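Heads up, the thing below is written out as structure tokens.
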Amino acid sequence: MIRRLSPVALAAALVVLTPRAGSAQSAPTDDAVLKRIWALGMDSSQTMRLSQVLFDSIGPRLTGTPNAKGANDWLVRTYQGWGIDARNEQWGKWRSWRRGYSHIDLVAPRVRSLEGTMLGFSPGTGGKDVTAATIILPRFADSTEFVKWLPTARGKFVLVSAPQPTCRPREDWDSNATAASKARMDSLRAQVTREWGGRNVRGTGYSLAIGTGELGLRLEDGGVAGVITSRPKNGWGTIEIFSTYNRKAPAIALSCEDYGLLFRLTENNEGPKLRLNLDAQFLGDQPVFNTIATIRGSEKPDEYVLLSAHFDSWDGSSGATDNGTGTITMLEAMRILSLAYPHPKRTILVGHWLGEEEGLVGSRAFSEDHPEIVKGLQAQFNQDNGTGRIVRMGGGGLVNGAEHIKVWLAKLPDELQKQVQFSGPGFPSGGGSDDASFACYGAPAFGLGALGWDYGNYTWHTNRDTYDKIVFDDLKSNATLTAMLAYLASEDPTMITRERVDLAALAAERAAQAPAGAGRGRNPPTTWPTCSKAPRITEPRLK
Ligand SMILES: [Zn+2]
């Protein structure tokens, strides 16, 4: 039975469901526009409504798919509904594919429906059941041995991923295991990595790249029934799901648990049989687009403040925090700006890029196609590291950039000032996200660094990146902060000059200050990153 609420009860329910209004500031700013931005962003946020439609109804946005194009069209309609100019701008053609259902069942020695799905761009089974036995990819002395073995795998599902000795996260072992059993587990994990890791997967000479890579192609040439993979994260129930270049043999990703089950059954000769029924369709090469929305500058239309977040996602789930939340931050910031600051001094535009996951392709294409925007760029604000509140900002490697940001941050309401740590001139983005596509020209490109919320273990490129992971209080705050930064950058009396920090000196200074043994993470660049050309057609990632 569906219980219907009376209008009064419904209103009461909405009051409870809606995050509390009236988030009072501790030290209100006296700037009328900032006050209005705060009120719009914190007290009448649209982030929940927009997120629900985008992540639940539209879903993932894998570059090249009809779903991504549908999402582009939704963005344009949404902007136009607010009276903001918006358009889809084609930057190339990309392989296209439609994801249908994935039914994956263990049918022997017992029946169990397995937790898994096709990799992106996997061939389907043509609407039919395909039932076959499984085989584990052995360890080969060399690729000749692999070629000799291949006929053995014909007609079978090949398990190509490492069997995890445990599906519990590391923290669980750290806090619960005895010292001796933790040591044993650590050494088991290390052994599995040694035996299954690397590019020369198990001695075949071929890599799985980020899905099935060249090895997948060799296996399908050898007539296998399918390729079974699993890339568990260090978390409960999360796996990464990327893509395949196979054209005949389907490739699926299984949960850590179900992959382990299948592996042990196979290893112990217990006669496992797997039945796949996968619906998928290759759609050839199709046009791909960035969505661009613009509020034209009234005094300096040829100078630009660029809001930026990639719009594409992997498609193992909804791409809610990678990079749905960056998308909603920029979308909502534009809505707020169109109301609180409809006649900006400089042109404010937003880039919702496609192809980021394929190598920042959409944003690189845009910076190539719009040298006038790179030249007139006052500031780019890019967000792409999860749902958390923005807590870090740097000057993107520009001395003068840092000076301007300091001034902007000092004008923010107290809460936001306390929240955002300013790290000085910092470094130019080296390629992690779309700010790199502008930083490489020496333009002022700033990353808005968010708090983690266990992004890496739970939502980044996983099967669990869904609406429910969004932290709406943080998202509201991010949209409000971004709108404020865009306003302040637009109003700034002077343009940011392009004088670069001395990267080599800065790196040496950091190294000298770093505590002993703190070698973790990527080393900062010692020379300015160079721009690389955007491929306008699919660039396969096989190695
Ligand atoms: Zn991302």
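The values are calculated or read from the model by the stated rules, or taken from the named source; none is laboratory data. Nothing here was measured: the structure is a model prediction, and the numbers come from that model. Heads up, the Cβs are rebuilt from the backbone with ideal geometry, glycines too, and the neighbour counts pull from every protein chain shown. Surface accessibility is based on the protein's heavy atoms, side chains included, excluding ligands, DNA and RNA. Shrake-Rupley method; radii C 1.70, N 1.55, O 1.52, S 1.80 Å.
With the checklist (1) charged (D, E, K, R); (2) more than 28 Å from the chain's Cα centre (by Cα); (3) buried (at least 16 other Cβ atoms within 10 Å of the Cβ); (4) over 21 Å from Arg139 (Cβ atoms) in hand, flag the one item Arg184 doesn't pass.
(3)
Determine, yes or no, whether Ser308 is more than 22 Å from Ser45 (Cα to Cα) and either among the small types (Gly, Ala, Ser) or at pLDDT below 95 (or both). If you could, list the steps in order and put the result at the bottom.
Details: more than 22 Å from Ser45 (Cα to Cα): no; either among the small types (Gly, Ala, Ser) or at pLDDT below 95 (or both): yes.
Answer is no for this residue.
Restricting attention to the stretch 367-394, and to residues there that are within 16 Å of the ligand (Cβ to nearest atom) and part of a loop (DSSP other than H, G, I, E, B), which single residue is farthest from Leu506 (Cα to Cα)?
Going through the stretch 367-394, the residues within 16 Å of the ligand (Cβ to nearest atom) turn out to be 380-388, 390.
If we keep only those that are part of a loop (DSSP other than H, G, I, E, B) as well, we get 383-388.
On the way: Gln383: 24, Asp384: 25, Asn385: 24, Gly386: 28, Thr387: 30, Gly388: 28 Å.
Among those that are within 16 Å of the ligand (Cβ to nearest atom) and part of a loop (DSSP other than H, G, I, E, B), it is Thr387.
Could you check the stretch 40-52 and list, in sequence order, the residues that are surrounded by fewer than 18 Cβ atoms within 10 Å (Cβ to Cβ) and either farther than 19 Å from Thr459 by Cα or in contact with a Ser or Thr (Cβ under 6 Å, 6 or more places away or on another chain) (or both)? Steps first, please.
Initially, the stretch 40-52 is screened for residues surrounded by fewer than 18 Cβ atoms within 10 Å (Cβ to Cβ), giving 43-44, 48-49, 52.
If the condition is that a residue be surrounded by fewer than 18 Cβ atoms within 10 Å (Cβ to Cβ) and either farther than 19 Å from Thr459 by Cα or in contact with a Ser or Thr (Cβ under 6 Å, 6 or more places away or on another chain) (or both), then Asp43, Ser44, Arg49 are the ones that fit.
What number goes with the only condition from (1) touching a strand residue (DSSP E or B) at 6+ places or on another chain (Cβ under 7 Å); (2) within 12 Å of the ligand (Cβ to nearest atom) that Asp322 does not pass?
For Asp322, the exception is condition (1).
Answer with yes or no whether Ile252 is modelled with pLDDT of 95 or more, open to solvent by less than 20 Å² (accessible area, probe 1.4 Å) and touching a Lys or Arg at 6+ places or on another chain (Cβ under 7 Å). Spell out the reasoning first.
On the way: modelled with pLDDT of 95 or more: yes; open to solvent by less than 20 Å² (accessible area, probe 1.4 Å): yes; touching a Lys or Arg at 6+ places or on another chain (Cβ under 7 Å): no.
Judged against the criteria, Ile252 is not a match.
Mind counting the residues in the stretch 337-346 that are part of a loop (DSSP other than H, G, I, E, B) and either buried (at least 20 other Cβ atoms within 10 Å of the Cβ) or within 16 Å of the ligand (Cβ to nearest atom) (or both)? Quick ask: steps written out before the conclusion?
Of the stretch 337-346, the ones part of a loop (DSSP other than H, G, I, E, B) are 341-345.
After this cut, where a residue has to be either buried (at least 20 other Cβ atoms within 10 Å of the Cβ) or within 16 Å of the ligand (Cβ to nearest atom) (or both) as well, the list is 341, 344-345.
Looking only at that region, the number is 3.
From the list Glu240, Glu270, which residue is within 16 Å of the ligand (Cβ to nearest atom) and surrounded by fewer than 24 Cβ atoms within 10 Å (Cβ to Cβ)? Write out each step before concluding.
Details: Glu270 fails: within 16 Å of the ligand (Cβ to nearest atom).
After applying the criteria, what remains is Glu240.
Taking the condition away from the ligand (no atom under 16 Å from the Cβ) and surrounded by 24 or more Cβ atoms within 10 Å (Cβ to Cβ), does Leu307 pass? So that I can check it myself, show each step before the final result.
Details: away from the ligand (no atom under 16 Å from the Cβ): no; surrounded by 24 or more Cβ atoms within 10 Å (Cβ to Cβ): yes.
In short, no.
Please list, ordered by residue number, the helices (runs of 4 or more DSSP H) wholly in the stretch 30-132 having 1 or more residues that are at pLDDT 95 or above and closer than 28 Å to Arg464 by Cα. Show your work before the answer.
On the way: elements: 32-38, 47-51, 66-81.
Counting at least 1 such residues, we get 47-51, 66-81.
Based on this model, can you work out whether Leu412 counts as outside any helix (DSSP H, G or I), closer than 30 Å to Ser44 by Cα and either touching a residue at least 60 places away in the same chain (Cβ under 8 Å) or of a type in the set (D, E, K, R) (or both)?
Numbers: outside any helix (DSSP H, G or I): yes; closer than 30 Å to Ser44 by Cα: yes; either touching a residue at least 60 places away in the same chain (Cβ under 8 Å) or of a type in the set (D, E, K, R) (or both): yes.
Spelling it out, Leu412 is indeed outside any helix (DSSP H, G or I), closer than 30 Å to Ser44 by Cα and either touching a residue at least 60 places away in the same chain (Cβ under 8 Å) or of a type in the set (D, E, K, R) (or both).
Of the residues that make up the stretch 347-370, is at least one open to solvent by 10 Å² or more (accessible area, probe 1.4 Å) and without any contact (Cβ under 8 Å) to a residue 40 or more places away in the chain?
Applying the first criterion (open to solvent by 10 Å² or more (accessible area, probe 1.4 Å)) to the stretch 347-370 yields 356-360, 364, 368-370.
With without any contact (Cβ under 8 Å) to a residue 40 or more places away in the chain added as a condition, the list becomes 370.
There is at least one residue in the stretch 347-370 that is open to solvent by 10 Å² or more (accessible area, probe 1.4 Å) and without any contact (Cβ under 8 Å) to a residue 40 or more places away in the chain.
Between residues in the stretch 451-473 that are touching a residue at least 12 places away in the same chain (Cβ under 8 Å) and within 22 Å of Ile58 (Cα to Cα) and residues that are of a type in the set (A, V, I, L, M) and more than 16 Å from the ligand (Cβ to nearest atom), which pairs lie under 8 Å by C-beta distance while being six or more apart or on different chains?
Cβ pairs passing all conditions: Thr462/Ile239; Asn463/Ile239; Asn463/Ala253; Phe472/Met48.
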